[in-house]
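J.: I'd like to ask you about the structure that follows.
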Amino acid sequence: MTVKTRNIADSAVTPAKVAAGGLTGVKVATVADANTVGGIPVVYRVTSTVGTVAVVVAEKIRVIDVTVVAKATQAAGTVTVKNGATAITDDIICAVDTTVTRAGTIDDAQHEIAAAGTMNVVVAGAASNADVYITAIRVA
Amino acid sequence: MPMQTRNFADSAVTAAKMAADGLTGVKTATVADANTVGGIPVVYRVKATALTGDVDVVVAEKIRVSHVVTVNAGGAGGAGDTITVKNGATAITDAIDCNKADKVVTRVGTINDAQHEIAAAGTLRVTGASAVTADVYIYAFRVA
């Protein structure tokens, strides 16, 4: 017989009972404004060369920060995070190998991406090459 | 009769068995100094709308504020627009300057380590000056 939620006592599943290495954003709650219990952020990781990497996000999210780590020195290299075709961030400079740069602007008209929406990470420059970390929270 | 902790084998609850959409900071562990397993950060989200004064959040757990990000939203800031994150009445951060263009992301400049830990049921206060409008994201982790 399958064990249902009602068969489990509140707080009976302690960390030791949870399998290691499995938690992702699927299991985290949405974060409301002025939340009194801290919400859990999620990170999207994109390794990018020239062009666009499209990430179809499973849940509705709000992008709250972006960090770029340049993996090569590349004149005029930039990274832009977009909601579909529309920019969320500015063109984040990605020009000097190993240098960390962050989003300078976030457009609050575009920062929420619907479930099954496309988050595009667009890299420009002659030989742009970067690790891009997009921090987000789930929202209703 | 509900199953108790002793009824579960260690690691028996895989991610697939956990209900989606439910995890918050309530379930995260505290983070000690020099932790060898990564702790889980939590985020508090506050909307400052033409704020002159305070938005108070009574935090459920004891936390340490580790980072703050503001995003100008709804137009450019004006002279004197700032956001300060406080532990009750006392500042944790500097007055983060939001007198910037719409959409500009600004990160905290200073954090006072004498104030960065807020007790359970303490007040995380976001203080706005000069009718500032911004999305404010406070990063923290639970501490013992």
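Quick note: the coordinates plus some simple rules give every number you see, no bench work behind them. A quick note: this is a predicted structure, and the numbers were derived from the prediction, not measured. FYI the Cβ positions are ideal-geometry reconstructions off the backbone, even for glycines, and counts take in every protein chain you see.
J.: Give the order of A:Met1, B:Met3, A:Met119, B:Met18 when sorted by the count of other beta carbons within 10 angstrom, beginning with the fewest. Present the calculation step by step, with values, prior to reporting the outcome.
T.: Values: A:Met1 4, B:Met3 13, A:Met119 21, B:Met18 16.
Arranged by neighbour count, lowest to highest, A:Met1, B:Met3, A:Met119, B:Met18 become A:Met1, B:Met3, B:Met18, A:Met119.
J.: What does the charge dipole of the protein assembly as shown about its Cα centre add up to, to the nearest 20 debye, if the Cβ of each Lys and Arg holds +1 and the Cβ of each Asp and Glu holds -1?
T.: For this selection, approximately 980 debye.
J.: For the stretch B:8-86, rounded, prolate or oblate, judged on the Cα gyration tensor with a ≥ b ≥ c (square roots of eigenvalues), a/c < 1.5 rounded, else prolate if a/b > b/c? Show your work: numbers first, answer last.
T.: Details: a/c = 3.00, a/b = 2.21, b/c = 1.36.
Cα axes put the stretch B:8-86 in the prolate bin.
J.: In addition: Could you state the number of Å between the C-alpha centres of the stretch B:70-144 and the stretch A:66-87?
T.: 27
J.: Kindly flag which residue pairs out of A:Lys27/A:Lys60; B:Lys47/B:Lys100; B:Lys27/B:Lys86; B:Lys27/B:Lys62; A:Lys27/B:Lys103 have an alpha-carbon separation exceeding 19 Å in this structure. Working shown, then result.
T.: Details: A:Lys27/A:Lys60 13 Å; B:Lys47/B:Lys100 17 Å; B:Lys27/B:Lys86 24 Å; B:Lys27/B:Lys62 13 Å; A:Lys27/B:Lys103 30 Å.
Those over the limit are B:Lys27/B:Lys86; A:Lys27/B:Lys103.
J.: Hey, another quick one. Taking chain B as a Gaussian network, Cα atoms linked when under 10 Å apart, which of B:Val69, B:Val13, B:Val57 shows the biggest mean-square fluctuation?
T.: Its mean-square fluctuation being the largest, the pick is B:Val13.
J.: Short version: ³J(HN,Hα) in whole Hz for each residue of the stretch B:15-23, in order, from phi by Karplus 6.51 cos²θ - 1.76 cosθ + 1.60 (θ = phi - 60°), x for Gly and Pro, what are they?
T.: My calculation for the stretch B:15-23 gives 4, 5, 8, 8, 5, 6, 6, x, 6 Hz in order.
J.: Looking at chain A as a GNM with Cα springs under 10 Å, which of A:Ala20, A:Ala114, A:Ala34 has the largest mean-square fluctuation?
T.: So, out of A:Ala20, A:Ala114, A:Ala34, the one fluctuating most is A:Ala20.
J.: Once R0 is set to 25 Å, what does the formula 1/(1 + (r/R0)^6) return for the Cβ-Cβ distance between A:Thr73 and A:Val43, expressed as a FRET efficiency to the nearest 0.05? Walk me through the intermediate numbers first.
T.: Numbers: r = 25 Å, r/R0 = 1.02.
Working from the Cβ atoms, E equals 0.45.
J.: Which Cα, out of B:Gly122, B:Gly22, A:Met119, lies furthest along the positive dipole direction of the protein assembly as shown (beta carbon charges, K/R +1, D/E -1)?
T.: Sorting the options by dipole projection puts first B:Gly22.
J.: In addition: Would you compute, for the Cα atoms of chain B, the largest minus smallest coordinate along each principal axis and list the three values in descending order, in whole Å?
T.: Cα extents, longest axis first: 61, 31, 29 Å.
J.: Checking the a/c ratio against 1.5 first, then a/b against b/c, what shape does the Cα gyration tensor give for the protein assembly as shown?
T.: Working: a/c = 1.94, a/b = 1.25, b/c = 1.55.
Oblate is the answer for the protein assembly as shown, as a/c is 1.5 or above yet b/c matches or exceeds a/b.
J.: Can you give me the long-range amide H partners of A:Val55? Hydrogens built in the peptide plane at 1.01 Å from N, cutoff under 5 Å, separation of 5 or more residues or another chain.
T.: Residues meeting the amide H criterion: A:Met119, A:Asn120, A:Val121.
J.: Explain nothing, just the number: dipole magnitude of the stretch A:41-138 about its Cα centre with +1 on each Lys and Arg Cβ and -1 on each Asp and Glu Cβ, in debye rounded to the nearest 20. Please report the intermediate quantities before stating the final value.
T.: Working: 7 positive and 9 negative charges, 44 e Å.
Roughly 220 debye for the stretch A:41-138.
J.: Just how many % of Cα pairs in the stretch A:41-138 lie over 16 Å apart, if you round to the nearest whole percent? Numbers along the way, then the final one.
T.: Working: 2254 of 4753 pairs.
Counting every Cα pair in the stretch A:41-138, those more than 16 Å apart make up 47 percent.
J.: Right, another one. Aspartates and glutamates within cross-link reach of A:Lys82: Cα-Cα under 18 Å, excluding same-chain residues under 8 positions apart?
T.: The qualifying aspartates and glutamates are A:Glu59, A:Asp65, A:Asp90, A:Asp91, A:Asp107, A:Asp108, A:Glu112, A:Asp131, B:Asp102.
J.: Then there's this: What list of ³J(HN,Hα) values in whole Hz, one per residue of the stretch A:98-105 in order, does the Karplus curve 6.51 cos²θ - 1.76 cosθ + 1.60 (θ = phi - 60°) give from phi, with Gly and Pro shown as x?
T.: 3J(HN,Hα) across the stretch A:98-105, in whole Hz: 6, 6, 9, 10, 10, 4, x, 9.
J.: On full extension of the chain, what length is gained from B:Ala131 through B:Lys17, given 0.36 nm per residue of separation minus the C-alpha to C-alpha distance? The partial results should precede the final answer.
T.: Working: separation 114, 0.36 × 114 = 41.04 nm, distance 4.66 nm.
Result: 36.4 nm gained on full extension.
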